[in-house]
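Below you will find the structure I want to go over with you.
The values are calculated or read from the model by the stated rules, or taken from the named source; none is laboratory data. Worth saying up front: this structure is predicted, and the values here are computed from it rather than measured. Ligands, DNA and RNA are stripped out before the accessible areas are found, and what is left, the full protein with its side chains, is counted by its heavy atoms. Shrake-Rupley method; radii C 1.70, N 1.55, O 1.52, S 1.80 Å.
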Amino acid sequence: MTSNEFRIAVLISGRGSNMRALLDARREGRLAGNIVLVGSNRRGAAGLAVAEAEGIPTASLDAAAYTDRAAYDRALFERVAAARPDLVVLAGFMRILDPAVVAAWEGRMINIHPSLLPKYPGLHTHERALAAGDALHGASVHYVTAELDGGPVIAQAELAVRAGDTPASLAERLLPREHRLLVACVDAIARGHVRLRDGRVEHDAKPLAAPLQLASDSRLHER
Ligand code: GRF
């Protein structure tokens, strides 16, 4: 498959700045593959309008119409599957997915999380890093597995915590690095440099002993 045929679906829940970073990278020739769908669990997600303005097909599903979580997730992923993606990117997607859906997409679904996993899975990561007095914070892109924010980590972007940082200032300084990290990871997967095999991330066919690191040149480097 040429990288141009690589099909990417993105799921968001809100502003979608990470999704926008992928769209911008694609438009500027910095991302291999095509974004074929932007989906959301929130009809009003601002990122949907951004995608529509770029002519990207969108799909949103209101959870209120479904009696149980698994039924909702199945319905949402029926729409995702209809776009025939090679990769699903959870980008600011704030919903814990049903294990059966996750299993069906294992190895083909990634998530960006604003912490240096395995530290701080779940919510309020900036608050927790500050409360712990961490000198280093950051973001991780990982394959999605049934364990919340627990899947094999592909790459990380580090950020030095500054005296006086608040959760808001930390989030603000981290976001641009998240964008560069996500673009680098999706591009690496689209070009066949990164994949999941037997539960381990492989980089150029070699199992990774540690997550790749995002460098200042926006490239991914082995530790
Ligand atoms: C980002 O910090 C992302 O890491 C987290 O949700 C936040 C909002 O993302 N999962 P976005 O602006 O909607 O992409």
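For the chain, modelled as a Gaussian network with Cα springs under 10 Å, which listed residue fluctuates most, Ile189, Ile56, Ile12?
Of Ile189, Ile56, Ile12, the most mobile in the Gaussian network model is Ile56.
Measuring from the lowest to the highest alpha carbon on each principal axis, how far does the range 1-105 reach, largest first, in angstroms?
Ordered largest first, the range 1-105 gives principal extents of 42, 30, 18 Å.
Any chance you could list the semi-axes, whole Å, largest first, of the equivalent ellipsoid that the Cα gyration tensor gives for the range 21-65, using √(5λ)?
23, 9, 8
Quick check: with the 1.4 Å probe, what order do Thr166, Thr125 take by accessible area, largest first?
Thr166, Thr125
Could I ask something else about it? Tell me the Kirkwood radius of the chain: reciprocal of the mean inverse pair distance over distinct alpha-carbon atoms, in Å.
Hydrodynamic radius (Kirkwood, Cα only) of the chain equals 17.6 Å.
Okay, moving on. May I ask for log10 I(q)/I(0) of the range 96-144 at q = 0.15 Å⁻¹, from a Debye sum over the Cα atoms as equal point scatterers with solvent left out?
-0.46
Got a sec? What order do Met19, Met94 fall in by accessible area at 1.4 Å, biggest, i.e. largest, first?
Of Met19, Met94, the descending order of accessible area is Met94, Met19.
I'd like the per residue volume of the convex hull spanned by the Cα atoms of the range 108-175, given in cubic angstrom. Please report the intermediate quantities before stating the final value.
Numbers: hull volume 5.0 nm³, N = 68.
Hull volume over Cα atoms, normalised by residue count, gives 74 Å³.
So what are the ³J(HN,Hα) numbers for the range 48-64, from phi and the Karplus equation (6.51, -1.76, 1.60; θ = phi - 60°), rounded to whole Hz, Gly and Pro as x?
5, 5, 4, 5, 4, 5, 8, x, 8, x, 10, 8, 9, 9, 8, 4, 4
Okay, moving on. Each residue of the range 127-134 in turn: what ³J(HN,Hα) in whole Hz from Karplus with 6.51, -1.76, 1.60 and θ = phi - 60°, glycine and Pro shown as x?
Values, residue by residue: 4, 5, 5, 5, 4, 7, x, 5 Hz.
Return the long-range amide H neighbours of Met109 (sequence gap of 5 or more, or a different chain), with a cut-off of under 5 Å between placed amide H atoms.
Answer set, sorted by chain and number: Val88, Val144.
Continuing with this model, one more query. Consider just the alpha-carbon atoms of the range 145-204 and return their Rg together with their Dmax, both in angstrom.
14.4, 43
Name the long-range amide H neighbours of Val194: under 5 Å, sequence gap of 5 or more, or other chain; modelled H, no Pro or chain starts.
For Val194, the qualifying residues are Ile189, Asp204.
In whole Å, what is the distance between the alpha-carbon centres of the range 74-104 and the range 110-149?
21
Please list the three semi-axes, largest first and in whole Å, of the ellipsoid equivalent to the range 60-139, using sqrt of 5 times the eigenvalues of its alpha carbon gyration tensor.
Semi-axes, largest first: 29, 15, 10 Å.
Normalised by the residues of the chain, what does the relative contact order come to in percent, with Cα pairs under 8 Å and at least six apart? Don't jump to the answer; show the numbers that get you there.
On the way: 426 pairs, mean separation 39.7, N = 223.
Computed over the chain, the figure is 18 percent.
I'd like the Karplus ³J(HN,Hα) series for the range 81-98: coefficients 6.51, -1.76, 1.60, θ = phi - 60°, whole numbers in Hz, and an x wherever there's a Gly or Pro.
4, 4, 7, 6, x, 8, 8, 10, 10, 8, 10, x, 8, 9, 8, 7, 7, 4
First obtain the Kirkwood hydrodynamic radius of the range 75-193 from its Cα pairs, then insert it into the Stokes-Einstein equation at 37 °C and 0.692 mPa s, and state the resulting D in µm² per second as a whole number. Before the final figure, lay out the partial values.
On the way: Rh = 15.0 Å.
So the translational diffusion coefficient is about 219 µm²/s.
Amide H neighbours of Thr58 under 5 Å, counting only residues 5+ apart in sequence or on other chains, H built in-plane at 1.01 Å?
Val38
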